[in-house]
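Any read-out appearing in this document is the output of simple, stated calculations on the displayed coordinates, not a laboratory observation. This is a predicted model, so every value here is computed, not measured. Cβ: placed from backbone, ideal geometry, glycine included. Neighbour counts: every protein chain shown.
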Protein chains: 2
Amino acid sequence: LVSAASAADNADPLPSWNDGPTKQAVESFVQKVTDKDGPDFVPPADRIAVFDNDGTLWVEQPAYVQLIFALDRVKELAPEHPEWKEKQPFKAAIEGDMKTLAASGEKGIAELIMASHAGMTPSAFQKIVGDWLAATKDKRFQRKYTELVYQPMLELLAYLRDNGFTTYIVSGGGIEFVRNFSEPVYGIPPAQVVGSSIKTKYEVVDGEPTVMRLPEMNFVDDKTGKPIGITQHIGQRPIAAFGNSDGDFEMLEWTTAGDGARFGLIVHHTDAEREYAYDRDSHVGRLDKALDAAVENGWIVVDMKDDWKQIFPSVD
Amino acid sequence: LVSAASAADNADPLPSWNDGPTKQAVESFVQKVTDKDGPDFVPPADRIAVFDNDGTLWVEQPAYVQLIFALDRVKELAPEHPEWKEKQPFKAAIEGDMKTLAASGEKGIAELIMASHAGMTPSAFQKIVGDWLAATKDKRFQRKYTELVYQPMLELLAYLRDNGFTTYIVSGGGIEFVRNFSEPVYGIPPAQVVGSSIKTKYEVVDGEPTVMRLPEMNFVDDKTGKPIGITQHIGQRPIAAFGNSDGDFEMLEWTTAGDGARFGLIVHHTDAEREYAYDRDSHVGRLDKALDAAVENGWIVVDMKDDWKQIFPSVD
Ligand SMILES: [Ca+2]
Ligand SMILES: [Ca+2]
């Protein structure tokens with residue numbers, strides 16, 4: 001019994017990470033903050049780790065999963081909205097005209113998302129998202145999106161939790177969208193998801209107390225919104241932050257500028273063969289300012305190609 | 001060892017509650033949802049319990065603790081704001097003119113709170129609140145406010161947690177105000193506090209990444225705001241809700257209208273001798289609509305005088 005337990009203790013908690021400075025940096029940080037007698041000890045209540053989602057925990061190319069979902073929703077809802085045939089960005093969405101869609105910018109995409117994500121309760125919305133995620137496969141990998149999560153990051157989440165950390169998602173994506181799969185896929189319960197949101201309204205509909213989703217932005221959890229969302233939702237400054245793009249810059253900056261041991265990590269997509277390679281010029285997940293800042297601030301940059309033995313979980 | 005453990009198991013988890021239908025209702029609900037083989041079993045992940053704070057977990061008479069704090073803050077800040085001497089509601093606050101202050105209504109009080117709670121980081125604010133709570137005593141009871149919490153409710157919080165519940169505060173009061181003492185006093189960590197909030201801004205000040213509190217309302221977590229705040233923050237509909245006033249009506253309504261076993265409870269202040277007696281006509285914590293609705297909806301009404309053996313924790 002003793003030897004089994006000790007074998008389990010000695011098993012590598014990060015088997016999909018290649019040995020090298022990146023893996024060492026992660027392990028050394030965790031050892032440091034959990035060493036009761038060391039100068040960098042952090043009590044478990046303060047071991048807060050925040051993770052971006054798109055491009056940090058799952059694939060975001062060639063387009064954000066939530067945008068692909070929104071486009072499918074718009075097509076499905078189109079018969080009820082004849083006016084969309086003549087109205088951008090809906091026309092482009094229905095026709096699959098990605099060029100016009102891209103030209104409509106963030107504002108156009110926000111319009112699509114709000115129109116296709118509102119008018120129902122959060123639980124009805126989650127059912128729709130869940131059904132879509134179960135039925136839809138990525139074209140290139142022929143896998144469900146929930147199977148296009150990064151195996152090394154799943155191991156990292158579990159490793160941190162095993163060491164007394166509380167793990168949060170802090171995503172620019174929709175909070176209710178991510179909540180749909182965060183628990184089964186990442187082991188992160190709904191209350192530990194911070195994200196962008198639309199407004200909701202409480203009303204009694206046909207005698208039924210109801211929270212209704214409205215087509216109106218409430219909060220954008222991106223860039224400077226990330227430290228604000230964390231403050232509002234978690235109420236504590238994290239000691240570790242994990243991201244992949246300039247949208248995570250402020251979260252990393254604020255997290256790692258705190259007192260005591262701190263950890264910042266950026267997933268750099270360098271593996272066009274097994275996943276994608278993109279950074280400074282990408283429209284999705286641009287990594288430019290934060291890549292330069294990593295050097296200055298001592299943030300660890302994961303070279304996906306070199307640091308990760310395996311990208312996605314094994315699926316039977 | 002066995003007999004010690006079993007003695008502990010049999011110890012009354014709610015010793016400050018008198019035996020009777022109220023205590024029985026609480027215990028029966030908890031037994032029901034934790035009975036794996038019963039028809040009302042609820043898995044631990046869904047055992048979400050939400051608690052109002054003012055008047056439900058601690059004293060709110062003769063005025064909300066946070067308002068007393070705000071008035072003290074305004075007096076302290078007055079020398080830096082000579083214009084307040086001629087400007088309501090600040091003039092009334094400085095002069096202790098409670099009548100004029102009351103006449104300024106919720107808007108006036110919100111103005112005082114924002115002026116006295118902004119212009120600093122959340123952690124600086126918490127330090128100010130913590131120092132004030134440590135130094136200030138209630139006039140009638142000659143106790144710190146954190147010692148004017150309800151012993152039966154502390155037992156109830158622990159009892160629910162011992163039975164796999166996650167306990168949240170859902171307060172009309174300021175989220176950062178409550179977060180200051182929720183962990184040491186109630187055993188509820190900062191991330192499990194939902195409350196009203198002012199806006200914050202992220203900026204780098206003198207090279208220091210900073211979240212700054214702004215004198216602008218962000219969210220009012222009261223009445224219909226409570227189900228909305230819960231949806232946003234927790235992302236799950238609770239199965240049990242605890243409140244004391246009409247401000248909790250919608251939270252109770254929404255919680256108890258869900259499928260499966262549900263529990264709603266109202267603390268009715270009926271004990272002028274040991275605490276206070278107030279309900280339908282009170283300006284603070286008015287309980288009118290929700291008291292009528294309790295009968296219709298099967299919410300349990302705690303009669304403080306009859307149901308509670310002890311009101312406040314014993315202090316040496
Ligand atoms: Ca990202
Ligand atoms: Ca109350």
Of the DSSP H helices in chain B, those whose Cα atoms cover at least 15 Å axially and whose Kyte score averages 0.0 or more: B:65-77, B:105-117, B:122-135, B:151-162
Fraction in percent of alpha-carbon pairs per bin - 10 Å, segment B:18-119: 13, 30, 17, 12, 17, 9, 1
Mean shadow area of chain B over all directions, Cα convex hull, nm²: 19.2
Order of A:D97, A:D206 under a 10 Å beta carbon neighbour criterion, fewest first: A:D206, A:D97
Inter-copy separations for A:E208, label at 7 Å along Cα-Cβ, nm, ascending: 5.2
Residue among A:H269, A:H81, A:H117 with the largest mean-square fluctuation in a Gaussian network model of chain A, springs linking Cα atoms under 10 Å: A:H81
Relative contact order [Cα under 8 Å, 6+ residues apart], chain B, whole percent: 23
Percent of alpha-carbon pairs separated by more than 41 Å within the protein assembly as shown: 32
Under the Karplus curve 6.51 cos²θ - 1.76 cosθ + 1.60, θ = phi - 60°, whole-Hz ³J(HN,Hα) for segment A:42-48, x wherever Gly or Pro sits: 10, x, x, 4, 9, 7, 9
Segment B:25-44-segment A:51-92 distance, computed between alpha-carbon centres (Å): 42
Average other protein chain Cβ within 10 Å of Cβ, residues B:196-206: 3
Computed label-point distance, nm, for sites A:A11 and A:H283 using a 7 Å Cα→Cβ extension: 4.4
Cα radius of gyration and Dmax for segment A:65-135 (Å): 11.9, 33
Along each principal axis, Cα extent of segment B:82-207, largest first, Å: 55, 46, 25
